[in-house]
Amino acid sequence: MAEIQEQDKSQKRLERFSEALEGGRLNNIRQMVNDLYPAEIGHLLESLPQNERGLVWELVDSEKSGEVLSYVNDDVRAKLIQDMEADELVAAAESLDTDDLADILQDLPDMVISELLQSMGAQDRIRLEAVLSYPEDCAGGLMNIDTVTVRPNVTIDVVLRYLRLRGELPAMTDYLFVVDHDDRFIGLLSITDILTKDPGQMVGQVMMRKFKPIPADMSESDVAGLFEKRDLVSAPVVDVDGKLLGRITIDDVVDVIRDEAEHSIMSMAGLDEEDDIFAPVVVSSRRRGIWLGINLITALIASWVIGLFDATIEQVVALAVLMPIVASMGGIAGSQTLTLVIRGMALGHIGTANAKHILIKELAVGGLNGLLWALVVAAVTMYWFENFLIGVIIAAAMLINLFAAALAGATIPLLMRKMGIDPALSSSVVLTTVTDVVGFFAFLGLATLILL
């Protein structure tokens, strides 16, 4: 419900901006856009055609531009950066946290990167290099270096005085990280304990020792799963020696979850979640044309199977009318199983240990549904064409195809992952080929054997 309300709010906001743009009310637009959070500005920019996007971007306050760049997708960011002056880019980048700066650094011109690094202090430069040394899709690339650490052999009172001198804490700080003299992670000290425990107690007596930190090489998907299972707001990141490197916060994990959801949806159509929805026609056509070509090949394979039985179709015209039903039912049933399995794999619910159980279950579902709908279609066909044999043929073909669809839907994603291929990217294409070929071959093959 909340998600629907937020979508309605975004749509109304977009309508107001479009009306203001059409009316040329730039002052109103400037105020409206800068009243938004950076993430909302980023969403708005992605929702605007390129000519309007450029106009609105020029009205964004300079102190917000860096954060906005970190929220838009790669294609949009590249175009916005291309239109900015070098001094504007440096100013925008300097306002970012280390992890956000690392995300956009590769998109910046070399001259800007050089100037930016020169303007940074030694400590900030070391922090940035630490984040950049890890891939973007792992905990090390996701972390923020801005942490607050304490030693176990000091009192709570000392910690309180240290925090007062510090003045402010990094956003979403629910724990301080306890480390030894070599900066190895020991445990967590909660803000609650700092405020409620006896000030004379030692940190080592109060801290949580059993917490397992996140290895820097853990994948971002596993990090997201860990935050979900443990209800974390923040978590420490360590290297192979247990040395504290930084921390990951829930806002970063939310971005990972959103990106993975977009990736799954877009990959099912052979698209990239970073594509600009308002990209030039030629660019979009080129990107989509590859998968249309692949789909054409699979369609030709299905057509070739049909061509093998052209003599049968010529003699029994009813087969041409009924043929799409078998393939369509198989495609839908297979897609249901495929979606279920890919989701289960993404959530970590399905792996080699329980793959056999899910396969047996989906085969049983496919067989039961196949039997049910085969009887329904058989009855309709017999009534429609007044031919008992054609009803039997389509019933048998549908049962075979729904069984094959369940088998394909359950096994294709697992095989794709075993071969190192993203299951969301190509599974649907393979599934469509299997259900079309099996459906047409079963239906027309049985018709050839029985009717001719």
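The values are calculated or read from the model by the stated rules, or taken from the named source; none is laboratory data. Everything numeric in this text was worked out from a predicted model, so none of it was measured. Cβ coordinates were reconstructed from backbone atoms using ideal geometry, including for glycine residues, and neighbour counts include every protein chain displayed.
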Original post:
Name the residues in segment 79-93 that are surrounded by 14 or more Cβ atoms within 10 Å (Cβ to Cβ) and of a type outside the set (Lys, Arg), would you?
Top reply: LEU80, ILE81, MET84, GLU88, LEU89, VAL90, ALA91, ALA92, ALA93
Original post:
Can you pull out the residues in segment 67-98 that are closer than 24 Å to ARG247 by Cβ, among the charged types (D, E, K, R) and touching a helix residue (DSSP H, G or I) at 6+ places or on another chain (Cβ under 6 Å)?
Top reply: GLU67
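Name the residue, out of ASN51, ASN28, that is surrounded by 13 or more Cβ atoms within 10 Å (Cβ to Cβ) and in a helix (DSSP H, G or I).
ASN28
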Original post:
Given the residues LEU292, LEU363, which is the only one that is part of a helix (DSSP H, G or I), at pLDDT below 85 and under 36 Å from the mean Cα position of the chain (by Cα)?
Top reply: LEU292
Original post:
Given the structure, is LEU431 hydrophobic (A, V, I, L, M, F, W, C), part of a helix (DSSP H, G or I) and surrounded by fewer than 18 Cβ atoms within 10 Å (Cβ to Cβ)?
Top reply: no
**OP:** Examine segment 407-427 for a residue that is over 30 Å from GLU228 (Cα atoms) and under 25 Å from the mean Cα position of the chain (by Cα), and state whether such a residue exists.
**Re:** yes
Original post:
Regarding ARG151, is this residue modelled with pLDDT of 90 or more and surrounded by fewer than 12 Cβ atoms within 10 Å (Cβ to Cβ)?
Top reply: no
**OP:** Specify the residue that is nearest to the chain's Cα centre (by Cα); the eligible residues are those in segment 154-179 that are outside any strand (DSSP E or B) and buried (at least 16 other Cβ atoms within 10 Å of the Cβ).
**Re:** THR173
Subject >> Residue in segment 180-199 that is under 39 Å from the mean Cα position of the chain (by Cα), under 19 Å from THR249 (Cβ atoms), assigned to a loop (DSSP other than H, G, I, E, B) and not aromatic (Phe, Trp, Tyr) present >> reply: no
**OP:** Among the residues of segment 63-88, write down those that are free of Cβ contacts under 8 Å to residues at least 24 places away in the same chain and either of a type in the set (D, E, K, R) or in a helix (DSSP H, G or I) (or both).
**Re:** GLN82, GLU85, ASP87
Original post:
When both residues are 6+ apart or on different chains and their Cβ atoms are under 8 Å apart, which pairs have a first residue that lies in segment 291-313 and is assigned by TED's automatic domain parsing to the domain that holds THR435 and within 18 Å of VAL434 (Cβ to Cβ), and a second that is at pLDDT below 80 and hydrophobic (A, V, I, L, M, F, W, C)?
Top reply: TRP291/ALA269; TRP291/LEU271
**OP:** Give segment 384-407 a look and list any residue that's modelled with pLDDT under 90 and either out of contact with any helix residue (DSSP H, G or I) (no Cβ under 9 Å at 6 or more places or on another chain) or not hydrophobic (A, V, I, L, M, F, W, C) (or both), or say none.
**Re:** GLU386, ASN387
Original post:
Is there a residue being surrounded by fewer than 17 Cβ atoms within 10 Å (Cβ to Cβ) and within 37 Å of the chain's Cα centre (by Cα) anywhere in segment 137-145?
Top reply: yes
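Could you list, in sequence order, all residues of segment 224-238 that are touching a residue at least 60 places away in the same chain (Cβ under 8 Å) and surrounded by fewer than 22 Cβ atoms within 10 Å (Cβ to Cβ)?
GLY225, VAL233 - these are the residues of segment 224-238 that are touching a residue at least 60 places away in the same chain (Cβ under 8 Å) and surrounded by fewer than 22 Cβ atoms within 10 Å (Cβ to Cβ).
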